[in-house]
Amino acid sequence: MALLEVDNIEVRYGAIKAIKGISFDVAEGEIVALLGANGAGKTTTQKTVSGMLRPSLGEIRFDGKRIDGIPAHELIHLGICHVPEGRRVFPRMSILENLEMGAFRFKKPDEQILEHVFEMFPRLRERIKQQAGTLSGGEQQMLAIGRALMGKPRLLLLDEPSMGLAPLIVNQIFDIIKEINVEGVTVLLVEQNASKALALANRGYVLETGEIVLSGTGKDLLADDRVRAAYLGEE
Ligand code: ATP
């Protein structure tokens, strides 16, 4: 049984059907990438898994239990943590306060995890009292990931972690995602940067206008002519 099973879900914004009956799964310990052009439905899919949106049809199961329709703030208690598009750090709070917010499901933040986040991201420790809104884009991404880790995720949902970041920082972020995964966290990754995402992911799914049009191992998709032409800018 997969950790996450998405079974034929449809998601609407009013009359607009953004997701048209997609199915996919993520096994415990995997990194799975959702790829696709702007507007394909990647963010909508991820928001539906994390409970921010509710599917109009279909089922989502986590660890064998139905979770569609359960709101995000409750899913966090199951260990489903979402790092949204655009990071969404709390700009007027300090780095430490942002990290503590990530642990809101516990009575108090776990000091060991906090220490681990600071080991992963030494920049955050150096700036612990600084307001999050004054950080660079890369630092805010690190903070958003660190905040999610404070919630002890079993499944980490990452929406476009590389967006708007310099190549060097993107590499650092991808290294960290790998490290987090090796430490036992399952990852569902939405990315525009298809080559990097597929190099990292065990498997991937390609979305086009709300439907899955291709799926396979990261390696196979990276070698697929259709993926290369559409998402890697190759003829
Ligand atoms: P992007 O990389 O641009 O975020 P995406 O693949 O994540 O793209 P979604 O943001 O999930 O795509 O959007 C899927 C479809 O749903 C698009 O046609 C989009 O216009 C539409 N959509 C997204 N959010 C809303 C909304 N709040 N109201 C109405 N339509 C929406």
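Give me Phe106, Phe121 sorted ascending by neighbouring Cβ count inside 10 Å, so fewest comes first.
Ordered from fewest to most neighbouring Cβ atoms within 10 Å, Phe106, Phe121 come out as Phe106, Phe121.
Treating the beta-carbon of each Lys and Arg as +1 and of each Asp and Glu as -1, no other charges, what is the dipole magnitude of the stretch 80-153 about its Cα centre, to the nearest 20 debye?
220
What is the spread of the Cα atoms of the stretch 73-144 along each of their three principal axes, largest first, in whole Å?
Here the Cα extents, ordered largest to smallest, are 31, 27, 20 Å.
Report the Cα centroid-to-centroid distance between the stretch 55-131 and the stretch 151-206 in angstrom, as an integer.
16
Any chance you could list P(r) for the stretch 88-235, counting all Cα-Cα pairs in 5 angstrom bins from zero, rounded to whole %?
The percentages, shortest bin first, are 2, 9, 18, 20, 18, 12, 9, 7, 4, 1, 0.
Of Ile16, Ile177, Ile31, which is the most mobile in a GNM of the chain whose springs link Cα atoms less than 10 angstrom apart?
Its mean-square fluctuation being the largest, the pick is Ile16.
Shape call for the stretch 61-111 from the C-alpha gyration tensor, a ≥ b ≥ c root eigenvalues: rounded (a/c under 1.5), prolate (a/b greater than b/c) or oblate?
oblate
What is the sum of charges, Lys and Arg at +1 and Asp and Glu at -1, for the other residues whose Cβ falls under 11 Å from the Cβ of Arg66?
Local net charge: -3.
Lys/Arg Cβ at +1, Asp/Glu Cβ at -1, dipole of the stretch 35-115 taken about the Cα centre: which of Leu57, Met101, Phe90 is farthest positive-ward?
Leu57
Quick note: the coordinates plus some simple rules give every number you see, no bench work behind them. On a predicted model such as this, the values are computed, not experimentally measured, just so you know. Methodologically, a virtual Cβ is constructed for each residue, glycine included, from the backbone with ideal geometry; neighbour enumeration extends over all protein chains shown.
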